[in-house]
Amino acid sequence: MTSAAAAETELTPEPDPAIGAPAERPVPGVVRRRLATLENWLDPYSWLVTAVITAIAALLRFNGLGDAKGYIFDEVYYPTDAWDLLQHGVEWDEKTNGPAYVVHPPLGKWLIALGEAVFGNNELGWRVPTAIAGTLMVLILIRVAYRLFHSIVLAGLAGLLLTLDGFQLVLSRVSLLDIFLGLFILASFAAVLLDRDHYRRHLLRTLETGEKRRSVPWWLLVAGMLFGLACGVKWSALFFLPFFGLLVIVWRVRARRTAGLDRGILADLGWGLLSVVLTVMFYLATWTGWFVTNTGYFRHYREANGLSEPPVLGALLNLLHYHSEAYSFHSGLTSKHPYQSWPWQWLLIGRPVNFYWPGATDCGAPSCARQIILLGTPVLWWSFLPALAALIWFGVARRDWRAWAILVPVVAGLLPWFYYAIKDGRTMFSFYVLPAVPFLILAVVYVLGAIMTPPEGIRQGGGRTDRQLVGTIVAGFYVTVVALCFAYFFPIFVGQSIPYADWSARMWLGSRWI
């Protein structure tokens, strides 16, 4: 690795970026450095790495997508609901020839319906949208990591680790809702991160010119729109709202203090409120099919129960009643399931979900097995908890905002489930953790970057330090082991037929994985 490539893996702040035209007013170097953002986001090498890794992810997610015949696990619900949306505009119950009572918002099913509209009501049709969503998650994570770390190497590692995660791969190849939720949550975070950079560039220009120009925080507004779409897939997206809001507030307050501009925070709060309004508007837009038809479940609840139902307000009140009933269902869902698990088991892979077990006879052995199991790549997943511990330590020791930016979404994706598990004993499954997975991978990448980063001030003449060399070898060895582990478990990620003895050998935790 050249000295330039080695330096690229550093997690320490980059030198002051070129601002362009000479500043009209001098800005202290420490202020300029603290307000610095990624300026070379168009770097062709970063986009080349993005394209190559995304292409690999797409190949793994699309190849043989329709080979597993019939419905896989909860595909018995969502693809059929999606087909109903195409036929009726709302979910439909064929037995009663009336609207179906469903407990998840419709956007994820509308996205599945797009695949069915193009490829038909078949395995390929209802799985193509999830494969697209899973591939887009890889692409977005690479760009998020590049913006966080300013390193092509670390950005590529983030995308590669997500590509090689069996958990995300499996959910990209079955027609469930969680992959769409993960996509919109990650996209919302990306927009919040872009807003942070946009806001700091605006403050820096204000300091340089002395002119207080109004700047529309477009990325903050986009974040609100994307978050509304996330809520339109599953309500559990709401877990992230206060945490993302906290990030925005803290980043803006700290940026203003750095710039010495204490005024303007009220305007920031106004833009934040507008972003929340857009969240609500885009969420309601996902219910368009329910609004424009008269056949949706509870669509005319008030009228049917002798209550007034004004044209617009009545529809909103009916929808509110629907939400109340659906929330009661979710809160009271405590029925036992053989593959349910608790949040404290998820990162330990304590109870994977058996998605598909059709039986097999074509493996060339007397006894065969064919399975699709929702299982994270073990070497990768068992490194999450140590990585989180190290991330907290680095966040405190280095006072690095990036460590907390990664940790906050992880907490948002995990902590609320602990609350509901303890409070209600609600039935849960490991795939609920998917929205947190990209951030868990960022935690691993952060630690790998820290291992490869030489101590401050010991590099002389651009040479490579022993620590940097050892760190690079350790990181390379880790990624290689993850890739080999992924390849070993790949047959049971995608439902290939293998000898039963080989399948049994992959059940590392015995009955917990069966």
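The single condition from (1) at pLDDT below 95; (2) farther than 23 Å from residue 383 by Cα that residue 111 fails is (1).
Do you know which of the residues in segment 456-477 that are open to solvent by 50 Å² or more (accessible area, probe 1.4 Å) and over 26 Å from residue 161 (Cα atoms) is modelled with the highest pLDDT? The selected residue is 456.
Being surrounded by fewer than 24 Cβ atoms within 10 Å (Cβ to Cβ), closer than 25 Å to residue 108 by Cα and in contact with a helix residue (DSSP H, G or I) (Cβ under 6 Å, 6 or more places away or on another chain), is that true of even one residue in segment 198-217? There is no residue in segment 198-217 that is surrounded by fewer than 24 Cβ atoms within 10 Å (Cβ to Cβ), closer than 25 Å to residue 108 by Cα and in contact with a helix residue (DSSP H, G or I) (Cβ under 6 Å, 6 or more places away or on another chain).
Kindly list, by first and then second residue, each pair from a residue in segment 96-124 that is closer than 22 Å to residue 333 by Cβ to a residue that is of a type in the set (Val, Ile, Thr), limited to pairs with Cβ atoms under 7 Å and residues at least 6 apart or on different chains. Final answer for the pair search is 99/90; 99/295; 105/233; 105/286; 106/286; 107/233; 107/286; 108/233. Could you tell me which residue of segment 135-147 is nearest to residue 223 (Cα to Cα), considering only residues that are surrounded by fewer than 24 Cβ atoms within 10 Å (Cβ to Cβ) and out of contact with any Leu (no Cβ under 7 Å at 6 or more places or on another chain)? Here the answer is 143. Please tell me if residue 37 is hydroxyl-bearing (Ser, Thr, Tyr) and either open to solvent by 20 Å² or more (accessible area, probe 1.4 Å) or modelled with pLDDT of 95 or more (or both). The answer is no for residue 37.
Of all the listed residues (67, 81), the sole one being open to solvent by 10 Å² or more (accessible area, probe 1.4 Å), acidic (Asp, Glu) and either over 27 Å from residue 354 (Cα atoms) or part of a helix (DSSP H, G or I) (or both) is 81. Residues that are touching a residue at least 60 places away in the same chain (Cβ under 8 Å), in contact with a Lys or Arg (Cβ under 8 Å, 6 or more places away or on another chain) and surrounded by 14 or more Cβ atoms within 10 Å (Cβ to Cβ): does segment 221-232 have at least one? No, segment 221-232 contains no residue that is touching a residue at least 60 places away in the same chain (Cβ under 8 Å), in contact with a Lys or Arg (Cβ under 8 Å, 6 or more places away or on another chain) and surrounded by 14 or more Cβ atoms within 10 Å (Cβ to Cβ). Residues in segment 286-329 that are polar (S, T, N, Q), in contact (Cβ under 8 Å) with a residue 40 or more places away in the chain and in contact with a Phe, Trp or Tyr (Cβ under 9 Å, 6 or more places away or on another chain): 286, 295. Against the condition in a loop (DSSP other than H, G, I, E, B) and not aromatic (Phe, Trp, Tyr), how does residue 75 come out, does it pass? Spelling it out, it is not the case that residue 75 is in a loop (DSSP other than H, G, I, E, B) and not aromatic (Phe, Trp, Tyr).
Being under 21 Å from residue 249 (Cβ atoms), β-branched (Val, Ile, Thr) and surrounded by fewer than 16 Cβ atoms within 10 Å (Cβ to Cβ): is that true of residue 408 here? So residue 408 fails the test. What about residue 369, is it among the aliphatic types (A, V, I, L, M) and surrounded by fewer than 16 Cβ atoms within 10 Å (Cβ to Cβ)? Against the criterion (among the aliphatic types (A, V, I, L, M) and surrounded by fewer than 16 Cβ atoms within 10 Å (Cβ to Cβ)), residue 369 does not qualify.
A quick yes/no check of all residues on (1) assigned to a helix (DSSP H, G or I); (2) surrounded by 13 or more Cβ atoms within 10 Å (Cβ to Cβ):
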| site | (1), (2) |
| --- | --- |
| 253 | yes, yes |
| 266 | yes, no |
| 273 | yes, no |
| 278 | yes, yes |
| 281 | yes, no |
| 297 | no, yes |
| 315 | yes, yes |
| 325 | yes, yes |
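The set of residues in segment 336-365 that are among the small types (Gly, Ala, Ser) and either within 24 Å of residue 165 (Cβ to Cβ) or open to solvent by less than 70 Å² (accessible area, probe 1.4 Å) (or both) comprises 341, 350, 359, 360, 365.
Please verify whether residue 172 is open to solvent by less than 20 Å² (accessible area, probe 1.4 Å), touching a Gly at 6+ places or on another chain (Cβ under 7 Å), at pLDDT 95 or above and polar (S, T, N, Q), treating the condition exactly as stated. In short, yes. For segment 84-116, a tally of residues being assigned to a helix (DSSP H, G or I), open to solvent by 70 Å² or more (accessible area, probe 1.4 Å) and among the charged types (D, E, K, R) returns 0. For segment 117-174, filtering for residues that are within 28 Å of residue 371 (Cα to Cα) and either of a type outside the set (A, V, I, L, M, F, W, C) or not in a helix (DSSP H, G or I) (or both) leaves 19. Tell me whether segment 120-129 contains one or more residues that are open to solvent by 10 Å² or more (accessible area, probe 1.4 Å) and within 19 Å of the chain's Cα centre (by Cα). Yes, some residue in segment 120-129 is open to solvent by 10 Å² or more (accessible area, probe 1.4 Å) and within 19 Å of the chain's Cα centre (by Cα).
The values are calculated or read from the model by the stated rules, or taken from the named source; none is laboratory data. Keep in mind that this is a model prediction, so the values were computed, not measured. Using ideal geometry, Cβ is built from the backbone for each residue, glycine included, and neighbour counts are taken over all protein chains shown. Ligands, DNA and RNA are excluded from the accessible area calculation, which covers all protein heavy atoms including side chains. Shrake-Rupley method; radii C 1.70, N 1.55, O 1.52, S 1.80 Å.
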